[in-house]
Amino acid sequence: MRKRIIAGNWKMNKSVTEAAELARAVVEGMKTATETEVVLCPPFTDLTAVAAVIQGTPVGLGAQNLHWEEKGAYTGEVSAAMLLSAGCTHVIIGHSERRQYFGETDESVNRKVKTALKAGLIPIVCVGETLAERQADETAAVVERQVRAALEGLTDAQVAGLVIAYEPVWAIGTGVVATTEQAQEVHAFIRALVGKLCSESVAAALRIQYGGSMKPDNAGQLLAQKDIDGGLIGGASLDARSFLDIVYA
Ligand code: 13P
């Protein structure tokens with residue numbers, strides 16, 4: 001059985017004080033035991049404040065990006081070791097916003113995934129097609145290219161331990177959620193692909209999150225799909241109540 005994983009991607013939101021408050025509200029709202037793994041991904045500047053709040057709780061901490069180099073003259077970048085020292089357990093890699101606005105490529109995603117794994121961070125690797133690609137019937141080809149590239153050179157054990165987030169770009173921040181059928185279809189496709197690239201047992205262990213306008217009112221249906229193992233939540237993770245409603249969906 002795969003353990004469900006719900007992660008909040010706060011993107012470029014929340015001051016240090018606001019982040020600590022939101023994390024506190026999430027922790028306090030999680031008094032009921034849950035089998036679900038919960039991860040908060042605030043901006044870099046909020047990591048240590050959120051780490052202090054979630055210390056001693058089952059809530060995990062993720063960053064939204066990292067650099068592949070260990071250290072050096074890379075102004076504005078943050079290394080895996082820095083993330084670990086800030087208390088991170090997870091790191092989002094290759095989010096479509098980074099691919100779209102910050103020049104992230106399949107190749108840089110692969111380098112970052114390798115760096116994260118080497119450091120002991122769990123990568124949450126994002127893939128997903130744009131609206132134009134879906135309309136041109138290229139969803140499978142795009143997702144296959146992204147998954148193949150991201151996992152290039154990894155061992156089976158490394159693949160089994162990471163998380164893939166399927167985030168159709170047209171569903172991110174738009175309020176247009178993929179239908180359960182659309183989402184399940186791509187999740188099953190990714191799992192079958194990993195089965196071919198690695199093995200059936202790796203595919204069976206791999207957790208695949210859905211992301212893109214997941215909200216309390218659609219989370220239950222999406223999470224009930226056979227190959228949907230969790231969610232990567234943007235907008236709805238900025239409010240403790242709606243995030244917790246998804247965690248307990
Ligand atoms: P929204 O939930 O705001 O659509 O964002 C999804 C996302 O990009 C999570 O990484």
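As for region 146-163, it holds no residue that is of a type outside the set (Gly, Ala, Ser), more than 17 Å from Pro123 (Cα to Cα) and out of contact with any helix residue (DSSP H, G or I) (no Cβ under 7 Å at 6 or more places or on another chain). Anything in region 76-96 that is within 12 Å of the ligand (Cβ to nearest atom), under 18 Å from Leu40 (Cα atoms) and either hydrophobic (A, V, I, L, M, F, W, C) or in a helix (DSSP H, G or I) (or both)? List them, or say none. Result: Ile92, Ile93. Tell me, please, whether a residue that is within 16 Å of the ligand (Cβ to nearest atom), surrounded by fewer than 17 Cβ atoms within 10 Å (Cβ to Cβ) and either without any contact (Cβ under 8 Å) to a residue 40 or more places away in the chain or basic (Lys, Arg) (or both) can be found in region 139-148. No, region 139-148 has no match at all.
Residues of region 181-229 that are within 16 Å of the ligand (Cβ to nearest atom), open to solvent by less than 30 Å² (accessible area, probe 1.4 Å) and small (Gly, Ala, Ser): Ala183, Gly211, Gly212, Ser213, Ala219. Condition first: over 19 Å from His67 (Cα atoms), without any contact (Cβ under 8 Å) to a residue 24 or more places away in the chain and part of a helix (DSSP H, G or I). Can you find one or more residues in region 162-182 that meet it? So far as region 162-182 goes, yes, one or more of its residues are over 19 Å from His67 (Cα atoms), without any contact (Cβ under 8 Å) to a residue 24 or more places away in the chain and part of a helix (DSSP H, G or I). For region 194-217, the tally of residues that are assigned to a strand (DSSP E or B) and either of a type in the set (Phe, Trp, Tyr) or out of contact with any Phe, Trp or Tyr (no Cβ under 9 Å at 6 or more places or on another chain) (or both) stands at 2. For region 56-71, the count of residues that are surrounded by fewer than 20 Cβ atoms within 10 Å (Cβ to Cβ), without any contact (Cβ under 8 Å) to a residue 24 or more places away in the chain, of a type outside the set (Asp, Glu) and outside any helix (DSSP H, G or I) is at least one.
The values are calculated or read from the model by the stated rules, or taken from the named source; none is laboratory data. Small disclaimer: the values here were computed from a predicted structure and weren't measured. Using ideal geometry, Cβ is built from the backbone for each residue, glycine included, and neighbour counts are taken over all protein chains shown. For the accessible areas, the whole protein counts, side chains as well, though only heavy atoms, and no ligand, DNA or RNA atoms are used. Shrake-Rupley method; radii C 1.70, N 1.55, O 1.52, S 1.80 Å.
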